[in-house]
Amino acid sequence: MTESLPALRLANITKRFGKLVANDGISLELGTGEVLALLGENGAGKSTLVSILFGHYVADEGHIEVFGQPLPPGNPKAALAAGVGMVHQHFALADNLSVLDNVLLGSEPLWQPFSRRRAARARLIDTANRFGLGVNPDARVATLSVGERQRVEILKALYRGARILILDEPTAVLTPQESESLFTTLATLVTEGLSVIFISHKLDEVLRVSARVAVLRGGRLVSVRNTEHTTKTELAELMVGRSVTLPTREPRPHGDLVLSLSGVHAAHAGKTLLDDVGLMVRAGEIVGIAGVSGNGQHALADLLCGTLAADRGEVSVSGQTMRANPRDWIARRVARIPEDRHAVGVVGDLPVWENAVSERLHLPAFSRAGIVRGRTARDFTRRLVTQFDVRLSGIDVPARVLSGGNMQKLILGRALSVAGEGVTPTLIVANQPTWGLDIGAVAYVHRCLLDAAAAGAAVLVISEDLDELFAIADRIAVMFKGRLGPALPTEGCSRAAIGLAMAGSTASNTEGAPLHAA
Amino acid sequence: MMDFLTTLFDMLGSASFWVATLRVATPLILGTLGVLICERAGVLNLGIEGIMVAGAFTGWLAVFNGADLWTGVLVAGLVGGAFGLLHAVLTVWLTVSQHVAGLGVTLLATSLSAFAYRVSFPQVSTPPTIEAFAPLESLADLPLIGPVLAGQTSLTLLAIALVPAIAYLLYRTPMGLALRMVGENPAAAEGQGVDVIAVRTGAVIAGSMLMGLAGAFLTLSAFNAFFFNMINGRGWICVALVVFASWRPGKALLGAVLFAAFDAAQLRLQQAGGVLPYQIYLMLPYLLSILALIVMARRAAYPQALMKPYRKGER
Amino acid sequence: MRLESRTEYSRRAMLFAPIVAILVTLAVCALLVAWAGAPVGQTYALLFDGAFGSRFAFAETLTRATPLILTGLAAAVAFRARLFNIGAEGQLYLGALAAVAVGGMHGGSTFDLPLPLLSALMIAAGAAAGALWLLGPAWMKLKLGVDEVVTTLLLNFVALLLVSMMLDGPMKDPLAMGWPQSVALDPELEFSRLIERSRVHSGLLMAVGLAILMWLIERFTTFGFALRAVGANNRAAAFAGLPVGRTVLLCALLSGALAGLAGVGEVAGRASYVTTDMSPGYGYAGIVIAMLAGLHPLGVLLAALFVAAVQVGADSMSRVVGVPNFIADVIVATALLTMLVATLLTRYRIRWGRA
Amino acid sequence: AADKIKVAAIYTVPVEQQWVSRIHKALNAAQSRGEIEYVFSENVTNADYERVMRQYAEQGKGLIVGEAFAVESAARKVARDYPKTAFLLGSSGKPQAPNFSVFDNYIQEPAYLTGMVAAGMSKSGQIGMVGGYPIPEVNRLMHAFMDGAREINPKVKFTVSFIGSWFDPPKAKEAAFAMIDKGADVMYAERFGVSDAAKERGVLAIGNVIDTQPQYPDTVAASALWNMEPTIDTALKMVQAGTFKAEDYGKYSTMKFGGSEMARLGTFEGKVPAALVAKVKAKEKAILDGSFTVKVNDTEPKSN
Ligand SMILES: Nc1ncnc2c1ncn2[C@@H]1O[C@H](COP(=O)(O)OP(=O)(O)OP(=O)(O)O)[C@@H](O)[C@H]1O
Ligand SMILES: Nc1ncnc2c1ncn2[C@@H]1O[C@H](COP(=O)(O)OP(=O)(O)OP(=O)(O)O)[C@@H](O)[C@H]1O
Ligand SMILES: [Mg+2]
Ligand SMILES: [Mg+2]
């Protein structure tokens, strides 16, 4: 399978950030036409390693060879020239520019007094068609869905003639269908002789697409396995250092109606976001909302977090009509977990303890006459951090330095204690609660949601990850173009049917259950 | 009221009004294009007010010392570029606050020019003058715009020509694309092999050169001597006009001409025998600009990385 | 060249960076003095002398620092909430004007109030005028999405013209022989001197007190928290239920009021009437001071003192050495820029070489 | 050299500003005659004015010259604190014993005369006036000029505008262009820039405070000059003799004392009609012998 000369050779790569050793003497080879998966917990050093490879970071030690040639460190331009292409974990696109602009950048000599845009456009469309990555070259990136952006990122690399493609968590935010088409693309790429490094937290995918798997833990390479000879369980254990069991749902009694939406309409700038949405969630019940990003889940989540007002319709919690004001929702003991933890979940520059109490700072528990009761707030935070196992060096560090998993735990802890310590929230609204989390963290988040439901909370989970919904939701509804289908018992749903419904197909060929309201 | 309206219409219909407008607009066009280039690359350059002073002074000084007018223009551009380099070193390389660096550069350029002027001319009581650019009468025969252009000097034509040139540069060349990209998402630009620091530095220098020219227009074309304080807030107006223009060269031209028209109109209305205090007329351009901003540039789409320092290897 | 974040504060850098900054400034200053043909020898001592060398010099530095502290605080609090108020200059003038409008009615015929009350009213009027002047731009930013940098900047010109209009019209001092200046403040309302035979006035105490108060507010109150949260990430702040709009408006009122108080201080403490050239750019200097201070209210005290000392010291040095006094501004600018770099270098280390 | 008087001047604007340039010129002249040691600070903001005065006083200057207009009370306070130092400051106020003397640009007399020339030379009967700010120092000259013009042609029309700046010649030029476009053919050049506009358009200009005819030989027909020498020299003599006291030096700016004059017609000799010259001469004589007094009016002039 591999030829004599490896496409890529990393030798003894070490990278330190201050005292922290993010990569510790890592040596790896990537064969031509091979897909190598990189696995590891949050913060294990995966992104750091590939960033060094691409020249974003400079390694403190070690060296890199590409097709036998040494790669100069810290120089993305050289990496590109050597045929390395990278798709970042957080997309590196300019929202205000067109797809063509984003792709074209850097491909022509900077001092050339003109730009061959027409030729470039043709070549872009050609490349896109060859690999099945259809996009509109003239669309502004800001208007694209996450999946389309992903494609643009890959196109950027392919357009530059990448021979080695690095994909850092490409599927974290993709729908199953989008992931599926990505895998098809990958297969095409490999047959064309490209080599791929693939980073993911989803073990099924890893097993499916890769030939070999390299596992990092705490910055060290702990193991390299042939994919054929390993299992999910083994990989999970290698990553976390202990065995991981994902919690599963058990039958629970359902109580009173908690959340009720009926005939809800919302629009923004002339565009309908929510169209006649109705939904009921009872105490002790977990309802999952599936759907491709951009079909109104954002609006639904905003509505249920109190940051968006409905134009029409009725929104109530425990029989009480709700206004579009986060404080009302907090006051009614609604726990809210936002989709984007960095942009919405926390104020990164403020210390952890202030973030922990931010939702309830105005309540007498944490302030009097406008003066913050610092000691009470810090004591509370310390308990929260212990209870939810948030790993940090102190509650005074800015929230931004927490890793994704720890930040999520902090937000979870804050949300679940909205009711006050030891009291269960009435309703939990969780939007993409496990995006980008490693398997251990995912297990933890699921455990928390299941426990809360068992204790009597109504739970609404919005997720694009069907595995997640099938694992914890009692009922699942699909959102498409602002309309919400009926929430059907999970037992009666098939993945395929839901996948189709998410893609807008009303053909209910499999189970016969109509998944769309329309 | 009727009186007022007749004055207004007479004014708008007269070539001389538009000649004046274009003349008043010229330094604003140059300065706004300068700010635009800097900001498109993600760098706020509040040094403009001072850089214009330096350009006005050095351009004039060169000509006073015997250089020809175009050499004076070149000198002003180079000096503007030098202060641009200083601003770039501070904000792009060292990543200090763009606000303070800009205000600092303004203070430095202004005071250095004043100091240099006084050291060079310790005993003057009337500012020495030069032979400035003369209006291009040969254009008078052009249809429609002839009479308006004929009152202008080559520098005004240069300023107008720069508008499509810069639009072309920004939208049709690899350099322009790189420039816009480092102002939108520097990390992405870096990832595609663009040297963010170099492009930003170049943009700030180029933009500042235009600011130098904007200043030089005042001493080499609009007038023929250098005065302290003669920039008189024109640089700040350019900073405002860029927002009005939503960072587009064409709209920058429109904005500069609009502001200049308000200013030219203000003078004429004041002279038409206003009963109002003269300050009201002087306020007009500013108030109308705010109004225009409300109408035209609500929720302006900033270059997303504007004022965000880029430090390699940081996230 | 590359900047690398320091993982912990380096004591050495914190100590040496400012010293290097001052040395660079002095070197630039020496060059200019030499160019102007004056002896360089004593320049430095004279600079320091001019700022701190005598009771008079120190008093002058403090006098200069007073409005700078207030405009510095005005910028600091606004910038903290990402409200880029570039309009402190205009707010200062309106504050001064309002103070005179209340306290300048000779004989108190308009406001027949006991003195302490009138004094409080005068201060409140100045603060309110500054606050209201910023409220417009803040409101336009929130409701119409109009960039506040531009509106506050343009309104500076308008404010100054408005003041000029008042000084030519209703508030003109009939005793000023036609010169456009406002009626004078009732002498009873003027701030008291802190040091005999100097210009230091109790406005300084007000400024220092407000700096401490601002620090307490930012640090210990729910409003202060909202202010910091809205500034750092307004989406997250809104999500957490913080009143973003109200916070921004309140912040605008506070910032404008502080700038207005700078105007009150200048009228009541120094000039006793308003003229259109009473502020040599205090409002703009405030931005610089706020940034030098890292937006920290107590840091503003130090930064304002630093800027005032350089201004006063350099100006006085130029007179003694006999070089054109424009050199003072050159030194101030150089000191600012080098100090700015110095504070950055306490947080980052420069690594030379590729990448 | 020991008996040279140490003189310091404090200006709120750069020394190129017309008004200040006249003081600067007189002091420079005294310095080159070897009578004084002269230093100055220019562009001193009014927040700094008091400090600078005190610093010069502390340095033991014999005479401090400046402009007190916007800092009247502070300046007077300083003078009280340094009774041994002589202060001579531009001010519209009264002198203050024992050491605070005042002066001002009382040059309304030649301004009146130049107004006569202006009206006589204007064919359109429209005169444009561009000023910086309407302060008394400007207003009184504009009014005198207008009065003089009306004496020759009662129907003459004036357009007045202020540009709100002392130092923006391009803007002054624009204001002047606008007036010329509207038919003004004589421009009253209170600011730099106005004569340039007049020159470019081939109309006439009248100078003010300084003589700019050498720069605009075909444009500037007449100028009202301010000579600060009588004021400065008188003060220096008094300081030298130890007899300096608080006085109003205003009169030293009048024609009688040589403090002001209408500049020689120069290049316009022969271009100004003889009859008009005769009328101006007669008026000049009347002013000098005291039979005619030019009214001083400090209010803001308006277009008519
Ligand atoms: N720019 C940086 N500055 C300081 N420390 C960093 C930086 N980037 C990464 N680190 C450190 O390096 C470690 C590895 O981070 P990295 O991003 O490589 O993790 P990862 O394996 O990609 O995690 P994830 O699965 O969550 O994406 C982290 O624990 C972090 O502390
Ligand atoms: N600017 C920074 N300074 C110091 N440490 C950082 C910085 N940015 C990231 N880190 C460290 O990097 C580690 C991993 O960060 P990273 O953002 O990769 O987490 P993550 O799990 O990948 O989060 P997500 O994928 O959800 O964004 C964290 O432990 C954090 O301490
Ligand atoms: Mg990662
Ligand atoms: Mg991650």
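The values are calculated or read from the model by the stated rules, or taken from the named source; none is laboratory data. The shown structure was predicted, so the numbers you read here are calculated from the model rather than taken from an experiment. In this analysis, Cβ positions are derived from the backbone assuming ideal geometry, glycine residues included, and neighbour counts consider all displayed protein chains.
Looking at region A:394-423, I want the residues that are under 12 Å from A:VAL346 (Cβ atoms) and have a partner that is within 16 Å of ligand 4 (Cβ to nearest atom) and of a type in the set (S, T, N, Q) with Cβ atoms under 9 Å, at least 6 apart or on another chain. Which pairs are those?
Sorted first by the residue in region A:394-423, then by its partner, the pairs are A:LEU402/A:GLN408; A:GLY404/A:ASN42; A:ASN406/A:ASN42; A:GLN408/A:THR434.
Which is at pLDDT 90 or above and touching a Leu at 6+ places or on another chain (Cβ under 8 Å), of C:VAL330, C:VAL323?
Residue meeting the stated conditions: C:VAL330.
Out of the residues in region A:1-46 that are surrounded by fewer than 22 Cβ atoms within 10 Å (Cβ to Cβ) and near ligand 1 (Cβ under 8 Å from one of its atoms), which is farthest from A:VAL196 (Cα to Cα)?
This residue is A:GLY18.
Can you pull out every residue in region A:5-24 that is part of a loop (DSSP other than H, G, I, E, B) and at negative phi? If you could, list the steps in order and put the result at the bottom.
If we filter region A:5-24 for residues that are part of a loop (DSSP other than H, G, I, E, B), which is where we start, we get A:5-7, A:18-19.
Selection gives A:LEU5, A:PRO6, A:ALA7, A:LYS19.
Take B:ALA116 and tell me if it is in a helix (DSSP H, G or I), in contact with a Ser or Thr (Cβ under 9 Å, 6 or more places away or on another chain), within 13 Å of another protein chain (Cβ to nearest Cβ) and not basic (Lys, Arg). Can you show your working first?
Values: in a helix (DSSP H, G or I): yes; in contact with a Ser or Thr (Cβ under 9 Å, 6 or more places away or on another chain): yes; within 13 Å of another protein chain (Cβ to nearest Cβ): yes; not basic (Lys, Arg): yes.
Taking the combined requirement at face value, the residue satisfies it.
Could you grab me the full set of residues in region A:138-152 that are touching a helix residue (DSSP H, G or I) at 6+ places or on another chain (Cβ under 9 Å) and either within 16 Å of ligand 2 (Cβ to nearest atom) or within 14 Å of chain B (Cβ to nearest Cβ) (or both)? Working first, answer last.
Start the filter on region A:138-152 by keeping residues that are touching a helix residue (DSSP H, G or I) at 6+ places or on another chain (Cβ under 9 Å), which leaves A:138-141, A:144-152.
Within region A:138-152, A:ASP138, A:ARG140, A:VAL141, A:VAL146, A:ARG149, A:GLN150, A:VAL152 meet the criteria.
Which count do you get for residues in region A:255-293 that are buried (at least 16 other Cβ atoms within 10 Å of the Cβ) and not aliphatic (A, V, I, L, M)? Spell out how you get there, then give the answer.
Residues of region A:255-293 buried (at least 16 other Cβ atoms within 10 Å of the Cβ): A:257-261, A:264, A:266, A:272-279, A:281-293.
In the following step, the residues that additionally are not aliphatic (A, V, I, L, M) were identified as A:260, A:272, A:275-276, A:278, A:282, A:284-285, A:288, A:291, A:293.
Result for region A:255-293: 11.
Within region D:234-251, can you find the residues that are part of a helix (DSSP H, G or I) and surrounded by 17 or more Cβ atoms within 10 Å (Cβ to Cβ)? Show your work before the answer.
Step one: list which residues in region D:234-251 are part of a helix (DSSP H, G or I), which gives D:234-241, D:249-251.
Scanning region D:234-251 gives D:THR234, D:ALA235, D:LEU236, D:MET238, D:VAL239, D:TYR249, D:GLY250.
If we scan region A:77-86, do we find a residue that is within 14 Å of chain C (Cβ to nearest Cβ) and of a type in the set (Lys, Arg)? Break it down into steps so the answer makes sense when it comes.
Step one: filter region A:77-86 for residues within 14 Å of chain C (Cβ to nearest Cβ), giving A:77-79.
Then keep just the ones that are of a type in the set (Lys, Arg); that gives A:77.
Yes, the conditions are met somewhere in region A:77-86.
Hey, can you tell me all the residues within region A:79-91 that are modelled with pLDDT of 90 or more and crowded, with 16+ Cβ neighbours inside 10 Å?
Narrowing region A:79-91 to residues modelled with pLDDT of 90 or more: A:79-87.
Matches in region A:79-91: A:ALA79, A:LEU80, A:ALA82, A:GLY83, A:VAL84, A:GLY85, A:MET86, A:VAL87.
Test of understanding: among C:VAL330, C:VAL323, which residue is more than 14 Å from chain A (Cβ to nearest Cβ) and outside any helix (DSSP H, G or I)?
Numbers: C:VAL330 fails: outside any helix (DSSP H, G or I).
Matching residue, one of C:VAL330, C:VAL323: C:VAL323.
Determine if region A:112-120 includes at least one residue that is under 22 Å from A:LEU189 (Cβ atoms) and either more than 16 Å from ligand 3 (Cβ to nearest atom) or modelled with pLDDT under 90 (or both).
Residues of region A:112-120 that are under 22 Å from A:LEU189 (Cβ atoms), as a first pass: A:120.
In the following step, the residues that additionally are either more than 16 Å from ligand 3 (Cβ to nearest atom) or modelled with pLDDT under 90 (or both) were identified as A:120.
Yes, region A:112-120 has at least one match.
Can you pull out the strands (runs of 3 or more DSSP E) entirely within region A:155-238 that have at least 2 residues that are more than 16 Å from ligand 1 (Cβ to nearest atom) and in the same structural domain as A:ASN42 (by TED's automatic domain parsing)?
Values: elements: A:164-168, A:195-199, A:212-217, A:220-226.
The strands (runs of 3 or more DSSP E) meeting that bar are A:164-168, A:195-199, A:220-226.
May I ask you to say which residue of A:ARG332, A:ARG360 is at pLDDT below 95 and more than 10 Å from chain C (Cβ to nearest Cβ)? Spell out the reasoning first.
Values: A:ARG360 fails: more than 10 Å from chain C (Cβ to nearest Cβ).
From the options A:ARG332, A:ARG360, the qualifying one is A:ARG332.
Scanning for something without any contact (Cβ under 8 Å) to a residue 60 or more places away in the chain and within 12 Å of chain D (Cβ to nearest Cβ), does region C:197-213 turn up at least one residue?
Looking through region C:197-213, at least one residue is without any contact (Cβ under 8 Å) to a residue 60 or more places away in the chain and within 12 Å of chain D (Cβ to nearest Cβ).
For region A:9-37: of the residues being within 13 Å of ligand 2 (Cβ to nearest atom) and under 24 Å from the mean Cα position of the chain (by Cα), which is farthest from the other protein chains (Cβ to nearest Cβ)?
Checking each candidate, the answer is A:ASN23.
Out of all the residues in region D:197-212, which are out of contact with any Asp or Glu (no Cβ under 9 Å at 6 or more places or on another chain), surrounded by 22 or more Cβ atoms within 10 Å (Cβ to Cβ) and either among the polar types (S, T, N, Q) or at the interface with another protein chain (Cβ under 7 Å from one of its Cβ atoms) (or both)?
Correct list: D:THR212 only.
Quick one: A:PHE366 ticks every box in (1) within 16 Å of ligand 2 (Cβ to nearest atom); (2) within 10 Å of chain C (Cβ to nearest Cβ); (3) more than 21 Å from A:PRO433 (Cα to Cα); (4) of a type in the set (A, V, I, L, M, F, W, C) except a single one, so which number is it?
(1)
Tell me, which strands (runs of 3 or more DSSP E) wholly within region D:119-190 include 1 or more residues that are away from chain C (no Cβ under 14 Å), of a type in the set (D, E, K, R) and under 20 Å from the mean Cα position of the chain (by Cα)? Reasoning before the result, please.
Numbers: elements: D:126-131, D:157-162, D:186-189.
By residue number, no strands (runs of 3 or more DSSP E) qualify.
Among the residues of region A:335-351, which ones are within 7 Å of chain C (Cβ to nearest Cβ) and touching a residue at least 24 places away in the same chain (Cβ under 8 Å)? Don't jump to the end; show me each part of the working.
Here is the first cut: in region A:335-351, the residues within 7 Å of chain C (Cβ to nearest Cβ) are A:338, A:343-350.
Of everything in region A:335-351, those that are within 7 Å of chain C (Cβ to nearest Cβ) and touching a residue at least 24 places away in the same chain (Cβ under 8 Å) turn out to be A:PRO338, A:GLY345, A:VAL346, A:VAL347, A:GLY348, A:ASP349, A:LEU350.
Take region A:393-442 and flag every residue that is away from ligand 4 (no atom under 16 Å from the Cβ), at pLDDT 90 or above and closer than 20 Å to A:ILE472 by Cβ.
Once the filter is applied, which keeps residues that are away from ligand 4 (no atom under 16 Å from the Cβ), at pLDDT 90 or above and closer than 20 Å to A:ILE472 by Cβ, region A:393-442 yields A:LEU412, A:GLY413, A:ALA415, A:PRO425, A:THR426, A:LEU427, A:ILE428, A:VAL429, A:ALA430, A:ASN431.
Out of the residues in region C:333-342 that are more than 30 Å from D:VAL15 (Cα to Cα) and more than 8 Å from chain B (Cβ to nearest Cβ), state the one that is farthest from the chain's Cα centre (by Cα).
Taking region C:333-342 as the starting set, the residues that turn out to be more than 30 Å from D:VAL15 (Cα to Cα) are C:338-342.
Remaining after also requiring more than 8 Å from chain B (Cβ to nearest Cβ): C:338-339, C:342.
Numbers: C:THR338: 20, C:MET339: 17, C:ALA342: 21 Å.
Among those residues, the one meeting the criterion is C:ALA342.
D:ILE10: in contact with a Gly (Cβ under 6 Å, 6 or more places away or on another chain) and either closer than 22 Å to C:TRP179 by Cα or more than 13 Å from chain C (Cβ to nearest Cβ) (or both), yes or no? Break it down into steps so the answer makes sense when it comes.
Values: in contact with a Gly (Cβ under 6 Å, 6 or more places away or on another chain): yes; either closer than 22 Å to C:TRP179 by Cα or more than 13 Å from chain C (Cβ to nearest Cβ) (or both): yes.
When the stated conditions are applied, D:ILE10 passes them.
Could you go through region D:163-172 and let me know if any residue there is surrounded by fewer than 24 Cβ atoms within 10 Å (Cβ to Cβ), hydroxyl-bearing (Ser, Thr, Tyr) and under 22 Å from D:LYS302 (Cβ atoms).
Looking for residues that are surrounded by fewer than 24 Cβ atoms within 10 Å (Cβ to Cβ), hydroxyl-bearing (Ser, Thr, Tyr) and under 22 Å from D:LYS302 (Cβ atoms), one finds at least one in region D:163-172, hence yes.
Table: residues versus (1) within 14 Å of another protein chain (Cβ to nearest Cβ); (2) surrounded by fewer than 23 Cβ atoms within 10 Å (Cβ to Cβ); (3) within 16 Å of ligand 4 (Cβ to nearest atom).
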position: A:LYS156; (1), (2), (3): yes, no, no
position: A:ALA162; (1), (2), (3): yes, no, no
position: A:ASP168; (1), (2), (3): yes, yes, yes
position: A:SER181; (1), (2), (3): no, yes, no
position: A:THR184; (1), (2), (3): no, yes, no
position: A:THR188; (1), (2), (3): no, yes, no
position: A:GLY193; (1), (2), (3): no, yes, no
position: A:SER200; (1), (2), (3): no, yes, yes
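Among helices (runs of 4 or more DSSP H) lying entirely in region A:384-497, which contain 3 or more residues that are within 16 Å of ligand 2 (Cβ to nearest atom) and more than 14 Å from chain C (Cβ to nearest Cβ)?
A:404-416, A:439-454
Tell me, which residue of region C:1-52 that is away from ligand 2 (no atom under 16 Å from the Cβ) and within 14 Å of chain A (Cβ to nearest Cβ) is nearest to the chain's Cα centre (by Cα)?
C:SER10
Tell me which residues, restricted to region C:249-282, are away from chain D (no Cβ under 13 Å) and in contact with a Gly (Cβ under 8 Å, 6 or more places away or on another chain).
Applying the first criterion (away from chain D (no Cβ under 13 Å)) to region C:249-282 yields C:249-261, C:264, C:268.
C:GLY256, C:ALA257, C:LEU258, C:ALA259, C:GLY260, C:LEU261, C:VAL264, C:ALA268, listed by residue number.
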